[in-house]
Amino acid sequence: MFTGIVTQRAVVSDVEPVAGSAAGALRLSLRLAAPIPGAVVGDSIALDGCCLTIVSIRGSDVAFEAIPETLRKTTLGARRGGDRVNVEAALKMGDALGGHLVQGHVDGVGVVSGAERTGGDVRMTIDLPPVLRGAVIPKGSVTVDGVSLTVGECDDRSFSIYLIPHTLDVTGLGEKRAGDAVNLEADVIGRYVEHHVRRVLAALGRAPAAEEVAR
């Protein structure tokens, strides 16, 4: 589990096919801004909101392997050398929950449709993929590229978030422009509630909601 509070940005140093894998898995090598205290091979780390396992670590150099399923459902397959990603180590028992409970299981990829700057703040609008229509609610929590944020306005097709200067500086969201893809994870509690309600409605013979048809 994670909390959606990005601790650093890392530079992608190399992306290459996993040796011996015919399925299309990729090995992502990163150069961290600073070593993660206590990190060892096998630990879970969130990269742009996607939970991956460390397969190699030496100081600030760390590597991960992403399977085809991960590459299809996230933006990691588009990463190239020189790109930067948001990094967060897994939450430990007793740590402060500064954001919200985040699994690191990306639900889908959204597309930035607008970014309006007012002073130092930015109002960003993101178009939802069909799988997340109906799963994002006003004032609810959402994870965008691993960053815990509060939803502003939303409808079944898109939602807006408000970004303060600190968030823009430390997460890289300030670099996003219209057309850019971002990893999205809806609030895990809300997703369980939604799933349960849909099953109950189906058992009662009720027609699915419009957003369910869209999926």
* Asked: Which option, (i) 15.7; (ii) 12.0; (iii) 13.3, is the value of mean projected area of the Cα convex hull in nm² that was calculated from these coordinates?
  -> (iii)
* Structure fact -> Exposure-ranked with fewest Cβ neighbours within 10 Å first, 151, 40, 6 stand as 40, 151, 6
* To do: Could you let me know the centre-to-centre spacing of region 88-108 and region 155-171, using Cα atoms, in angstrom?
  => 18 Å
* **Sites residue 189 and residue 19, calculated FRET efficiency, Cβ-Cβ separation with R0 35 Å, nearest 0.05** => 0.30
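Is it possible to state the helix-based mean residue ellipticity at 222 nm for the chain, with each DSSP H run of 4+ residues giving -39500 (n - 2.57), the sum divided by total residues, to the nearest 500 deg cm²/dmol? What is it?
Numbers: 4 runs with 34 residues, N = 215.
Using -39500 (n - 2.57) per qualifying helix, the result is -4500 deg cm²/dmol.
Viscosity 1.002 mPa s, temperature 20 °C: give me the Stokes-Einstein translational D for region 71-117 in µm²/s, with Rh taken as the Kirkwood radius over C-alpha pairs. It would help to have the intermediate numbers written out before the result.
Values: Rh = 14.0 Å.
D = 153 µm²/s.
Normalized C-alpha radius of gyration of region 23-110, against 2.2 N^0.38 Å?
Details: Rg = 13.0 Å, N = 88, 2.2 N^0.38 = 12.1 Å.
Cα-based Rg divided by the globular estimate yields 1.08.
For region 92-215, what class follows from the C-alpha gyration tensor (a ≥ b ≥ c being the square roots of its eigenvalues): rounded when a/c is under 1.5, otherwise prolate if a/b is larger than b/c, else oblate?
Values: a/c = 2.46, a/b = 1.50, b/c = 1.63.
The shape class here is oblate.
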* Helix 188-203 sits at what angle to the longest principal axis of the chain, using alpha carbons and giving 0 to 90 degrees rounded to 10? -> 40 degrees
* Could you give the dipole magnitude of the chain about its Cα centre, charging the beta-carbon of Lys and Arg +1 and that of Asp and Glu -1, in debye to the nearest 20? -> 220 debye
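Readers should treat all values here as calculations from the given coordinates under stated rules, not as data from a laboratory. The structure presented is a predicted model; accordingly, all values stated were derived computationally and were not measured. Every residue, glycine as well, gets a Cβ built from its backbone with ideal geometry; the counts of neighbours run over all protein chains shown.
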